[in-house]
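Take a look at the structure set out below.
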Amino acid sequence: FGQFSSQSPDGHIAVMEYLAGRMASETNIPVSAFGVLGNGYTSSEALAASSNNLIVEAENMNEANGDALRNVCRIAMAVALNKRLDELDEEQLAVKVAWKDAGMVSSAAKADYATKVNSIVPGYGRTRICHEQLGFDPDSCDRLEAQLEEFAELDMAADILGG
């Protein structure tokens, strides 16, 4: 029989990279997510740009799914209250769906944004909008606001009592 000579895997690797590239272009997923490593260094800006189409697609899908989910919530409320949809009050009809940012912005970038907005809009850092944009969930926002109010009251009492 003899000995077989070894074959180079280059052809197989080239086909796999080609297929990964095709899959990446069809799905808007960066080719690096399929295990294809580039020959050079990829900057964070290049990685963000390669994910941009997927983020836009996810945001559009969230918007469309949000409308459907809001309608399901309205229907569930109507069923639970034994009412027709047109009998729900304004507060019940105003139910909203809140999605997290599809871009998954880092905490440092959110904090930088809040600092810059606060320099233009004084007091922004004490608003619920700021807390929500920083990524706090509604319960954490409520607790944070209650504690900030408590601290303000303690400071006022200390000022009245002379320190």
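Data for the structure
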quantity: Largest-first principal axis extents of the Cα set of the stretch 77-163 (Å); calculated: 59, 39, 21
quantity: Under Karplus coefficients 6.51, -1.76 and 1.60, residue-wise ³J(HN,Hα) of the stretch 79-96 in Hz, glycine/proline x; calculated: 5, 5, 8, 6, 10, 7, 4, 6, 9, 5, 7, 4, 5, 5, 6, 7, 4, 10
quantity: Shape of the chain, Cα gyration tensor, a/c cut at 1.5; calculated: oblate
quantity: Contact order relative to length of the chain, as percent, for alpha carbon pairs under 8 angstrom and 6 or more apart; calculated: 11
quantity: Sites M77 and L154, calculated FRET efficiency, Cβ-Cβ separation with R0 35 Å, nearest 0.05; calculated: 0.30
quantity: Those lysines that a straight Cα-Cα span of less than 26 Å connects to K100, excepting residues fewer than 8 apart in one chain; calculated: K110, K116
quantity: Test item: Cα-centred dipole of the chain, Lys/Arg +1 and Asp/Glu -1 on Cβ, debye; calculated: 560
quantity: Carbon/sulfur fraction of accessible area - the stretch 6-163, other protein chains in place, 1.4 Å, %; calculated: 59
quantity: Part-to-part distance (alpha-carbon centres) for the stretch 2-38 and the stretch 93-114, which is given in Å; calculated: 36
quantity: Residue among A33, V117, L54 farthest towards the positive dipole end of the chain, charges placed on Cβ; calculated: A33
quantity: Computed label-point distance, nm, for sites E59 and I13 using a 7 Å Cα→Cβ extension; calculated: 3.8
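The values are calculated or read from the model by the stated rules, or taken from the named source; none is laboratory data. In this text, all values refer to a predicted model and were calculated from it rather than measured experimentally. A quick note on method: Cβ atoms are made from the backbone with ideal geometry, for glycine too, and the neighbour counts reach across all protein chains shown. These area figures cover heavy atoms from the full protein model, side chains too; ligands, DNA and RNA do not enter into them. Shrake-Rupley method; radii C 1.70, N 1.55, O 1.52, S 1.80 Å.
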